[in-house]
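Asker: What follows is a single structure, and I will ask about it in a moment.
The values are calculated or read from the model by the stated rules, or taken from the named source; none is laboratory data. Small disclaimer: the values here were computed from a predicted structure and weren't measured. Cβ: placed from backbone, ideal geometry, glycine included. Neighbour counts: every protein chain shown. Protein only, heavy atoms only, side chains kept; ligands, DNA and RNA dropped before computing areas. Shrake-Rupley method; radii C 1.70, N 1.55, O 1.52, S 1.80 Å.
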Amino acid sequence: MPDGPDEGSAAGTQAHADPESVARAICLRLLTMAPKTRAQLAEALRKRDVPEEAAEAVLSRFSELGLINDEAFAEAWVDSRHHGRGLAKRALAAELRHRGVDSDTVNEAVERLDPDQEAETARRLVERKLASTRSLDPQVRTRRLAGMLARKGYPSGLAFRVIREALEQEGIEMEEDFPDS
């Protein structure tokens, strides 16, 4: 799906006459598909050869109007991806940085996640995966579960603590050679 004006559309025919109209059309089209960060929109405008001055004018105006709000984007992203995919702070921060959100905004958004909430999400992820690993050796189960949590950004100390708790609830005693938090 293109991210600029369609050929023959009003914005497409005005490309040379009014770069700000083109920039507005591109931004509006992208924002109707999904929320975007200012950096994502700036990149889309750059790829469509919108002059930098016109791009900056439109991005600034959209920010003033609240159509672009990286703080709200980051908060919504953290809530959605943590609850939907079970991602931990580290993974969420990496995704937001990849989308061009500045470090202060990223830190504020991920710090809203309560450490207890993060641990509870890790427990739920382990519980869901536990049944499919029952036939395996406890050390293999631990490695698989720890790998799953690591891919979702959980620190190893928290991961091993949650895994140990889950296995002990099944009556499996774990050796204490795993890192502790």
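Asker: Looking at segment 51-72, which of its residues are surrounded by 19 or more Cβ atoms within 10 Å (Cβ to Cβ) and assigned to a helix (DSSP H, G or I)?
Answerer: Hits for segment 51-72 are ALA55, VAL58, LEU59, PHE62, ASP70.
Asker: So, of the residues in segment 73-113 that are in a loop (DSSP other than H, G, I, E, B) and under 20 Å from PRO155 (Cβ atoms), which turns out to be most open to solvent (accessible area, probe 1.4 Å)? Lay out the reasoning, then the answer.
Answerer: Of segment 73-113, the ones in a loop (DSSP other than H, G, I, E, B) are 86-88, 99-102, 112-113.
Adding the requirement that they be under 20 Å from PRO155 (Cβ atoms) leaves 86-88, 112-113.
On the way: GLY86: 3, LEU87: 8, ALA88: 0, ARG112: 118, LEU113: 7 Å².
The selected residue is ARG112.
Asker: Kindly list, by first and then second residue, each pair from a residue in segment 37-52 that is within 12 Å of SER63 (Cβ to Cβ) and in contact (Cβ under 8 Å) with a residue 40 or more places away in the chain to a residue that is polar (S, T, N, Q) and open to solvent by less than 70 Å² (accessible area, probe 1.4 Å), limited to pairs with Cβ atoms under 7 Å and residues at least 6 apart or on different chains.
Answerer: Final answer for the pair search is ARG38/SER63.
Asker: Given (1) modelled with pLDDT under 95; (2) within 20 Å of ARG38 (Cα to Cα); (3) among the hydroxyl-bearing types (Ser, Thr, Tyr); (4) open to solvent by less than 60 Å² (accessible area, probe 1.4 Å), identify the lone condition not met by THR142.
Answerer: (2)
Asker: Which condition number in (1) exposed (fewer than 14 other Cβ atoms within 10 Å of the Cβ); (2) on the phi > 0 side of the Ramachandran plot is the one that ASP137 fails?
Answerer: It fails just one condition, (2).
Asker: Is it fair to say GLY86 is within 30 Å of ARG128 (Cα to Cα) and either in contact with a helix residue (DSSP H, G or I) (Cβ under 7 Å, 6 or more places away or on another chain) or modelled with pLDDT under 95 (or both)?
Answerer: yes
Asker: When you look at SER63, is it within 23 Å of the chain's Cα centre (by Cα) and modelled with pLDDT under 95, yes or no?
Answerer: no
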